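Every read-out reported here was derived from the displayed coordinates using simple, explicitly stated rules and does not represent laboratory data. This is a predicted model, so every value here is computed, not measured. We place every Cβ from the backbone using ideal geometry, glycine too, and count neighbours over all the protein chains shown.
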Amino acid sequence: MNVLSVVSLSIILLISCNQTTNNNSNSTNEKISESKELVQESPIDTTFTFNNDETGKIPTGWTQYFTGVSDTTDWRIVDDGGNKVLAQLSEENVSGHFNEIVYDAFKVKNVELKVKIKGVKGKRDQGGGFVWRFIDANNHYIVRANPLEDNVVLYKMENGKRTDLPVLGKGRTYGVDVETLGSGWNNLRLTVVDNMFTVYLNDKELFQVEDETFTNAGKVGLWTKADAVSYFDDFQVTSISK
């Protein structure tokens, strides 16, 4: 073996040893780094039909949360007349309790969200809606449609406190009243462009809200309150470019 070969072999062994040492000492950091890399700062436009998810389980890539006084939430895929949907099934009858489920793979600032929603049952609350710019269970925005009240309201959840936000041009009216939602499917839609949020129900624009509490990109997902057993289907996420 010549001198060059010996030197080359020594360099290779040294690099290999350093890599092994670094891998062992930084394995936790690498896992955290890999996890962060999976969260994109803008979404791949997609529709979640839930058809390929397993019944009885949380859909792949999603995480459920709760906010408030109870520690119970129960999101899972269920069969609805031969069609798979995402459902919140907990009937914990507590007023100050909220259920969230968010998709983990991306964050987005400006976005259009669409979903089909059906209020199945609930004595204290029914229906549900979106969360967006989701930081954690205590910090995000919410808009929801409630068949018990036949209204649609937009809120912020800041430091665990939920506050309804004033409708642009009308002030604080607790959202807007709508035609009877009933027990069937309704289409909820939201567009988010910087600090302007526009809410639609069944293809009709309802109102706008302007707010600057949360200005950075966040995760998106779905929401219910208290004992609302609700079904969701065809959740569409479309990024909005400016």
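Worth pointing out:
- Net charge, residue 228 excluded, C-beta distance under 13 Å - Lys, Arg +1, Asp, Glu -1: -1
- Note, ³J(HN,Hα) from phi for the range 101-112, Karplus 6.51, -1.76, 1.60, rounded to Hz, x at Gly and Pro: 9, 10, 8, 8, 7, 8, 10, 8, 9, 9, 7, 10
- Net charge dipole size for the range 40-239 [Lys, Arg +1 and Asp, Glu -1 on Cβ; Debye, nearest 20]: 160 debye
- Full extension of the chain between residue 54 and residue 158 yields a length gain of 34.1 nm, computed as 0.36 nm times the residue separation minus the alpha carbon distance.
- The Cα trace of the range 166-242 gives Rg and Dmax of 13.9, 39 Å, the first to one decimal, the second as a whole number.
- The equivalent ellipsoid of the range 40-239 has semi-axes of 22, 19, 17 Å, largest first, where each one is the square root of 5 times an eigenvalue of the Cα gyration tensor.
- Partner lysines for residue 242 [C-alpha distance under 18 Å; skip if fewer than 8 residues away on the same chain]: 107, 109
- Ascending count of other beta-carbon atoms within 10 Å, so fewest first, for 200, 103: 200, 103
- Length added when fully stretched, residue 215-residue 176, from 0.36 nm per residue minus Cα-Cα: 11.6 nm
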